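Q: Submitted below is the structure of interest, expressed as structure tokens.
The values are calculated or read from the model by the stated rules, or taken from the named source; none is laboratory data. In this text the structure is predicted, and so the values were computed from the model without any measurement. In this analysis, Cβ positions are derived from the backbone assuming ideal geometry, glycine residues included, and neighbour counts consider all displayed protein chains.
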Amino acid sequence: MTDSKYDEIMQLLCDRLSSLTNTHIEITPETNLISQLSIDSIKLLNLIMEVEDAFDISIPINALADVQTVRELVDLIYKIKTTAK
Amino acid sequence: MSSTIIELNAPQTQAFDFQPSSELQIKPTPTLNTLVQQLAGFDSLTSALEYAAKGVTGYNFYDARGNLRSVLPYSVLRENARDLARRFMNFDLPRGSRVAIIADTSPEFVELFFACRYAGLVPFAMPIPVNLGSRKIYVQQLKGMLESSEASIALSNLDYIEFLNEASKETISLKWSGTPGDLKQLPVRDVDLEYNHADETAYLQFTSGSTRSPRGVVITERALMCNLQGIVRNGLEITPQDRSASWLPFYHDMGLVGLVLAPMVTQISVDYLATRDFAIRPLQWLRLISRNRCTVAFSQPFGLKLCSMRVRESDLKELDLSCWRAAGIGAEMIRPETLRAFAEKFATAGFSESAFLPCYGLAESTLAVTFSRIGEGCKSIQIDSKTLIDKKMAVRLQADGRKQSEFVNCGQPLPGHTVKIISDDGQQLPELMVGSVLVQGDSVMLGYFNNPEETNKALKSGNWLDTGDIGFLFNGDLYVTGRRTDVIIVNGRNIRAQDIEELAEQQPEVRSREASAFGVTDEEGSTTIVLVIECRLTSVVERQTLITRLQQLVYMAFGVNCIVELVPPHTLPRTSSGKLSRFAAKQGYIQRMGLGEQLSLAESGDR
């Protein structure tokens, strides 16, 4: 399912995550947002706001319950972005 | 006279100008009503709604972009609730049967809540999932509430129905679950809706997300009517010009009782923003207040902090908050710095410090216990820190070089209610002595549903409710200095220490009674959860794996980060009966970390 839009989302998300979490570990699709990046509730809100603004989407809160890794978050954004149109 | 006034007061369809693309021309309910205002004093929720339905005011729901999505005047709410009540009659349930509703900020939730009361059923609100990766734990939470309440019916809108269906499996008491749409498929039974009595249970309020032992507070119509009357007449002095705005979740007591039920029993209009939308863009709440000229809006201190942190200077010039006369603050320890920072930031937007209205309450006393005096702002006093810790006494000593702690005046109890402070051995203490805060009065709960053990712990003889908070009285005003160590408050969420310890003890590496959880608060007032585990693992890798897993579990269950410390067996202090002492565990941790000096003294009333 890799197409250019998917890669673009992945790239943006990895960039945002590394500046948001100020971490030196390399962020990959398998990076766990909770255990490896310690995304707390405030950082999560910031991230959602940036993602929503960047892609002009609305992320439903119920969908986040199934998100633990960077890849899962990218999948979710991609799905919302491609079905919204 | 009033057509110009109505014009001027007419709330805006959009909370801000951008995007008028929606063709729907819906208008929010007006601020000024056509009906003579009655300030509570009804004998039940449904009789209050019967009255409010004669006017033109009601509830308004806005989306994340500030557009008005739906309008629910009290008149329509009454119609819809009565219609749904007659559909509930198809289940032939005994009066008082429990109905679980996942409470997102929507008109459907409010309609179902009132439908239950018209049908003589007892509704309760269940939370929505808010944390990353929380599915499993969220479903367990729902299941815990369904079982503890012995719910007969459970409802959720489409967004959450999957979680509800998963939780409903094997819940024996449950006769039916579905969406509001499913309920509307059922026929309308042609029956008379019975009158509700004051002694009937109005609703249950769950106070903890615990998976093993959720506690449902039982609130009668009498307690609810009593508390609402105190809130609107004495606490807020509501007038016909008032209008509310709220982002507080409907599954919290402050959101439900304070900002759904209290406006209805005074027939004023409310503008709602979903909690998630507020949390992501707090500016939207302030825009609603500004554009719709709202006068009453409550928040936890954490919500104010979010506004101070996330609203940009450039956004301030479009705001006019001078209409906001009652900025109620409650639901967690209030730190004067948080209020000062907010007032400073929003002064240029017309916010007046005198609007701050600190109050104190808890779900076990319906909602409110004390209110400070309206229009006077936040008052606080400076107390000598050392005397507070050593002698549990609040002394206003002003001497150079001595550390001071500042505490907020939460005001006096509502009429008909009494607050007293007792010592560890149960003796009533005089003013300025620090001890447990107890409340007595008609707003106090009947108990926890089906849970005599927890009920007996909370309700002392003479029906005195032990609030679990620590504080003192001065000139009859309540000052809260901290919580006992069984509840940790992080970013506005109440987390029971026991729930965190239970999570840890479910791990194969952790034995029961070898985990202790508590909160450590730094000078800025932010609290971190610390989990100390007695651990026999020697491999560095295994130890790190356990730490990571525990942090992840705590995050998924409670949405907060925590520090996990592994210590050798027999490190954690125990009481004579072998129970772990969280207070002593915390002291030990503070010593090991050399944190003594840095810690805030706000919790010095701990025991």
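Q: How many residues are over 26 Å from the mean Cα position of the chain (by Cα), under 30 Å from residue B:122 (Cα atoms) and either among the basic types (Lys, Arg) or not in a loop (DSSP other than H, G, I, E, B) (or both) when one looks only at the range B:23-70?
A: The number of residues fulfilling the criteria is 3.
Q: Pull up the range B:71-111, narrow it to residues that are touching a Cys at 6+ places or on another chain (Cβ under 9 Å) and part of a helix (DSSP H, G or I), then point me to the one that is nearest to the other protein chains (Cβ to nearest Cβ).
A: B:84
Q: Let me ask something additional. Name the single residue, out of those in the range A:34-66 being at pLDDT 85 or above, among the hydrophobic types (A, V, I, L, M, F, W, C) and assigned to a loop (DSSP other than H, G, I, E, B), that is farthest from residue B:493 (Cα to Cα).
A: A:57
Q: Regarding the range B:353-373, can at least one residue be identified that is over 22 Å from residue B:238 (Cβ atoms) and either touching a His at 6+ places or on another chain (Cβ under 6 Å) or surrounded by fewer than 17 Cβ atoms within 10 Å (Cβ to Cβ) (or both)?
A: The answer is no; no qualifying residue exists.
Q: Collect the residues in the range B:144-201 that are aliphatic (A, V, I, L, M), out of contact with any Ser or Thr (no Cβ under 8 Å at 6 or more places or on another chain) and within 14 Å of chain A (Cβ to nearest Cβ), keeping them in residue-number order.
A: Matches in the range B:144-201: B:167 only.
Q: A follow-up question, please. Would you confirm whether or not the range B:121-143 contains a residue that is over 21 Å from the mean Cα position of the chain (by Cα), more than 14 Å from every other protein chain (Cβ to nearest Cβ) and at pLDDT 95 or above?
A: Yes.
Q: Give the number of residues within the range B:513-561 that are within 12 Å of chain A (Cβ to nearest Cβ) and either closer than 19 Å to residue B:496 by Cα or under 23 Å from the mean Cα position of the chain (by Cα) (or both).
A: 15
Q: Continuing with this model, one more query. Among the strands (runs of 3 or more DSSP E) contained in the range B:393-491, which hold 3 or more residues that are within 20 Å of residue B:227 (Cα to Cα)? Walk me through it before giving the result.
A: Working: elements: B:404-408, B:418-422, B:435-440, B:464-474, B:477-483, B:487-490.
Qualifying strands (runs of 3 or more DSSP E): B:418-422, B:435-440, B:464-474.
Q: Please find, among B:304, B:321, the residue that is in contact with a Phe, Trp or Tyr (Cβ under 9 Å, 6 or more places away or on another chain) and assigned to a helix (DSSP H, G or I).
A: After applying the criteria, what remains is B:304.
Q: OK, next. Does the range B:112-142 hold any residues that are surrounded by fewer than 21 Cβ atoms within 10 Å (Cβ to Cβ) and charged (D, E, K, R), and which are they?
A: Selection gives B:135, B:136.
Q: Where residues in the range B:473-490 are out of contact with any Asp or Glu (no Cβ under 7 Å at 6 or more places or on another chain) and more than 18 Å from residue B:586 (Cβ to Cβ), which of them is surrounded by the fewest Cβ atoms within 10 Å (Cβ to Cβ)?
A: Step by step, filter the range B:473-490, then rank; the result is B:475.
Q: Further question on the same structure: Taking residue B:154 as the residue in question, decide whether it is out of contact with any Pro (no Cβ under 6 Å at 6 or more places or on another chain), without any contact (Cβ under 8 Å) to a residue 60 or more places away in the chain, under 30 Å from residue B:42 (Cα atoms) and assigned to a strand (DSSP E or B).
A: So residue B:154 passes the test.
Q: If you don't mind, there's one more thing I want to ask. When the range B:134-154 is examined, which residues are found to be aliphatic (A, V, I, L, M), touching a Phe, Trp or Tyr at 6+ places or on another chain (Cβ under 9 Å) and closer than 25 Å to residue B:90 by Cβ?
A: B:142, B:145, B:151, B:153, B:154
Q: Something else now. Read through the list (1) in the same structural domain as residue B:248 (by TED's automatic domain parsing); (2) of a type in the set (Ser, Thr, Tyr); (3) assigned to a helix (DSSP H, G or I); (4) under 28 Å from residue B:495 (Cα atoms), then give the number of the only condition that residue B:272 fails.
A: Only one criterion in (1) in the same structural domain as residue B:248 (by TED's automatic domain parsing); (2) of a type in the set (Ser, Thr, Tyr); (3) assigned to a helix (DSSP H, G or I); (4) under 28 Å from residue B:495 (Cα atoms) is unmet by residue B:272, namely (3).
Q: Here is a follow-up. Which count do you get for residues in the range B:408-446 that are surrounded by fewer than 19 Cβ atoms within 10 Å (Cβ to Cβ), touching a residue at least 40 places away in the same chain (Cβ under 8 Å) and in contact with an Asp or Glu (Cβ under 9 Å, 6 or more places away or on another chain)?
A: Residues that pass the stated criteria total 1.
Q: Looking for something surrounded by fewer than 24 Cβ atoms within 10 Å (Cβ to Cβ), more than 14 Å from chain A (Cβ to nearest Cβ) and basic (Lys, Arg) - is there at least one such residue anywhere in the range B:227-247?
A: Yes, there is a match, as at least one residue in the range B:227-247 is surrounded by fewer than 24 Cβ atoms within 10 Å (Cβ to Cβ), more than 14 Å from chain A (Cβ to nearest Cβ) and basic (Lys, Arg).
Q: From the list A:75, A:7, pick out the single residue that is assigned to a helix (DSSP H, G or I), surrounded by fewer than 15 Cβ atoms within 10 Å (Cβ to Cβ) and modelled with pLDDT of 85 or more. Spell out how you get there, then give the answer.
A: Working: A:75 fails: surrounded by fewer than 15 Cβ atoms within 10 Å (Cβ to Cβ).
It is A:7.
Q: Here are some residues: A:37, A:47. Which one is under 11 Å from the mean Cα position of the chain (by Cα) and within 14 Å of another protein chain (Cβ to nearest Cβ)?
A: Testing whether each residue is under 11 Å from the mean Cα position of the chain (by Cα) and within 14 Å of another protein chain (Cβ to nearest Cβ) leaves just A:47.
Q: Looking at residue A:80 and the list (1) in contact with a Leu (Cβ under 9 Å, 6 or more places away or on another chain); (2) aliphatic (A, V, I, L, M); (3) more than 9 Å from chain B (Cβ to nearest Cβ), which single condition is not satisfied?
A: (1)
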